[in-house]
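Novice: Encoded as structure tokens, here's the structure I'll be asking about.
The values are calculated or read from the model by the stated rules, or taken from the named source; none is laboratory data. Fair warning: this is a prediction, and the values are worked out from it, not measured in the lab. With ideal geometry, Cβ positions are generated from the backbone for all residues, glycine too; neighbour counts draw on all protein chains shown.
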Amino acid sequence: MTIKQLLKSGYAEYDPDPRFQNCKRFFQKRIRDKKGTKYFINVEYYDFPIHGKPHKGFEFVLHYEKDNYNLSARFFSNKNLEEMEKILEEFFIKNEFNYYELD
């Protein structure tokens, strides 16, 4: 997966949260259907050394609402973007999460 693929797939880039020092770039995509906004996928790009060797990678973060609580789920994976989006959609459906916003 590359930053270029994220941008081409509809992710917008924003400034990373300064609380996460190792997060170098931040991307977000709104997942919608005809009923409204289901959820957002946040992708954090990290670039930092581990044991003196460079470590680069993407972390997927989903924010869901169900009943009266919010859930943040973090996914680390080396799968391609399409596979990750499919996994996250299945997670949303299986857990019967509420839509973020209905139209």
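Novice: Report every pair of residues separated by at least 6 positions or lying on different chains whose Cβ atoms are under 8 Å apart, first residue within region 67-95 and at positive phi, second surrounded by 10 or more Cβ atoms within 10 Å (Cβ to Cβ) and modelled with pLDDT of 80 or more.
Specialist: Asp67/Asn98
A quick yes/no check of all residues on (1) under 28 Å from Asp103 (Cβ atoms); (2) in a loop (DSSP other than H, G, I, E, B); (3) over 13 Å from the mean Cα position of the chain (by Cα):
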{"position": "Glu13", "(1), (2), (3)": "yes, no, no"}
{"position": "Arg19", "(1), (2), (3)": "no, yes, yes"}
{"position": "Lys24", "(1), (2), (3)": "no, no, yes"}
{"position": "Lys29", "(1), (2), (3)": "yes, no, no"}
{"position": "Tyr39", "(1), (2), (3)": "yes, no, no"}
{"position": "Val43", "(1), (2), (3)": "yes, no, no"}
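Novice: Pick from region 7-35 the residues that are surrounded by 12 or more Cβ atoms within 10 Å (Cβ to Cβ) and in contact (Cβ under 8 Å) with a residue 40 or more places away in the chain: which of them is farthest from Lys56 (Cα to Cα)?
Specialist: Ile31
Novice: In region 38-57, which residues are without any contact (Cβ under 8 Å) to a residue 24 or more places away in the chain and surrounded by 11 or more Cβ atoms within 10 Å (Cβ to Cβ)?
Specialist: Selection gives Asn42, His55, Gly57.
Novice: Are any residues in region 87-103 more than 17 Å from Asn42 (Cβ to Cβ) and not in a loop (DSSP other than H, G, I, E, B), and if so, which ones?
Specialist: Correct list: Glu90, Ile93, Lys94, Asn98, Leu102.
Novice: For region 58-66, indicate whether the set of residues that are part of a loop (DSSP other than H, G, I, E, B), of a type in the set (Asp, Glu), on the phi < 0 side of the Ramachandran plot and in contact (Cβ under 8 Å) with a residue 12 or more places away in the chain is non-empty.
Specialist: Scanning region 58-66 turns up no residue that is part of a loop (DSSP other than H, G, I, E, B), of a type in the set (Asp, Glu), on the phi < 0 side of the Ramachandran plot and in contact (Cβ under 8 Å) with a residue 12 or more places away in the chain.
Novice: Within region 58-91, work out how many residues are under 21 Å from Gly36 (Cβ atoms), surrounded by 11 or more Cβ atoms within 10 Å (Cβ to Cβ) and over 11 Å from the mean Cα position of the chain (by Cα).
Specialist: 7
Novice: Being assigned to a strand (DSSP E or B) and of a type in the set (D, E, K, R) is the filter here, so list the residues in region 67-86 that pass it.
Specialist: Arg74
Novice: Suppose the filter is closer than 28 Å to Gln21 by Cβ and modelled with pLDDT under 90; does Phe40 pass it?
Specialist: Answer is no for this residue.
Novice: Given the conditions (1) part of a helix (DSSP H, G or I); (2) within 22 Å of Ile3 (Cβ to Cβ), and given that Phe48 satisfies all but one, which numbered condition is not satisfied?
Specialist: (1)
Novice: Could you tell me whether Pro16 is touching a Cys at 6+ places or on another chain (Cβ under 6 Å) and more than 28 Å from Ile93 (Cβ to Cβ)?
Specialist: yes
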